[in-house]
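See structure below.
The values are calculated or read from the model by the stated rules, or taken from the named source; none is laboratory data. Nothing here was measured: the structure is a model prediction, and the numbers come from that model. Glycine gets a Cβ as well: all are built from the backbone with ideal geometry, and neighbour counts include every protein chain shown.
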Amino acid sequence: GGTLYVVATPIGNLDDLSPRATRTLAHVDVVAAEDTRHSGRLLSHLGIQKRMIALHDHNEKDRAAGILAELKAGRDVALISDAGTPLISDPGYVLVRDARAAGYRVSPIPGPCALVVALSAAGLPTDRFLYVGFLPAKRSGRRASLEPLASEPATLVFYESPHRILESVRDIAEVLGEDREMVLGREITKTFETFYSGSIAEVLAELEQDPHGTRGEFVVMVRGAMAQPGNDDAATMDVDRVLRVLLAELP
Ligand code: SAM
């Protein structure tokens, strides 16, 4: 049978496409893409012409069967999404699961993933993080998903679109508390890449002031519940306090 390659593509800067990704796209027989017009432009930019199959969330079950037939016929397939790593808030889960279950080789071609890229530059703890993806579009649903996260000690990572960023950050402030540390990565790897950081209240104020603040794509990161800002400082402060108390007791 053929191999299914899961190929990451850039999240805004074409130079981030790896040579191996390019070689893989040039080598395969079929490219399964979320949006064939969008990905067609990427392929033509690379000078590659391929048969394409559209695979999005609504038709994934049907299309996965067709792609398994390609693999069965011995043809290699590359799965790509509009940006970044497939399956990460993007289609491909059903296809990858079924291809594995059917015994075909599934091989990742790594590259950008907005959540990892954002965490790598945020300066928030990364030893544990919880990727939440997109919050629900409606306020009630959004708050309901945020509530159980209020006590989560891991760094929280969300994706958000420009038209909902303000409402979402406002709800995050209300449910998680506006004093928590937040880092917001906007248009990462693109011309107007910006990182906003501070308390949630400060980041919200900055977003509201910046005329470009609500344009582009966002990764929203929030420090986890137990880990207070500057844990080490807190420990040092404790030692200072203990010392002061002890010194005061001395004759
Ligand atoms: N599969 C992609 C990945 O690997 O990150 C994510 C696809 S998801 C449909 C799109 C969301 O990813 C955007 O709404 C935004 O939250 C985030 N995103 C993608 N590119 C980004 C960028 N250059 N800067 C900030 N966020 C980005």
Scan region 128-144 residue by residue and report those that are assigned to a loop (DSSP other than H, G, I, E, B) and touching a strand residue (DSSP E or B) at 6+ places or on another chain (Cβ under 9 Å). Arg128, Leu135
Where residues in region 114-144 are within 14 Å of the ligand (Cβ to nearest atom) and among the small types (Gly, Ala, Ser), which of them is farthest from Lys190 (Cα to Cα)? Ala137
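Residue-by-condition table, conditions (1) surrounded by 22 or more Cβ atoms within 10 Å (Cβ to Cβ); (2) touching a residue at least 12 places away in the same chain (Cβ under 8 Å):
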| site | (1), (2) |
| --- | --- |
| Pro19 | no, no |
| Leu43 | no, yes |
| Ala69 | no, no |
| Leu79 | yes, yes |
| Leu95 | yes, yes |
Taking region 65-98 on its own, how many of its residues are more than 13 Å from Val30 (Cβ to Cβ) and more than 16 Å from the ligand (Cβ to nearest atom)? 3
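The rows are residues; the columns are (1) away from the ligand (no atom under 15 Å from the Cβ); (2) assigned to a loop (DSSP other than H, G, I, E, B); (3) modelled with pLDDT under 70.
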site	(1), (2), (3)
Val203	no, no, no
Leu207	no, no, no
Gly216	no, yes, no
Gly224	yes, yes, no
Gln228	yes, yes, yes
Val239	yes, no, yes
Leu243	yes, no, yes
Leu247	yes, no, no
So is Val169 modelled with pLDDT of 95 or more, more than 19 Å from Arg128 (Cβ to Cβ), within 13 Å of the ligand (Cβ to nearest atom) and part of a helix (DSSP H, G or I) or not? yes
Could you list, in sequence order, the residues of region 180-194 that are under 15 Å from Phe158 (Cβ atoms) and either within 17 Å of the chain's Cα centre (by Cα) or within 15 Å of the ligand (Cβ to nearest atom) (or both)? Met182, Val183, Leu184, Gly185, Arg186, Ile188
Given (1) part of a helix (DSSP H, G or I); (2) away from the ligand (no atom under 16 Å from the Cβ); (3) of a type outside the set (Lys, Arg); (4) surrounded by 15 or more Cβ atoms within 10 Å (Cβ to Cβ), number of the condition Glu147 does not satisfy: (4)
Hey, could you check region 177-209 for residues that are surrounded by fewer than 17 Cβ atoms within 10 Å (Cβ to Cβ) and of a type in the set (Gly, Ala, Ser) and say which is nearest to Asn13 (Cα to Cα)? Ser197
What tally of residues in region 103-113 results from selecting those that are away from the ligand (no atom under 12 Å from the Cβ) and touching a Gly at 6+ places or on another chain (Cβ under 8 Å)? 3
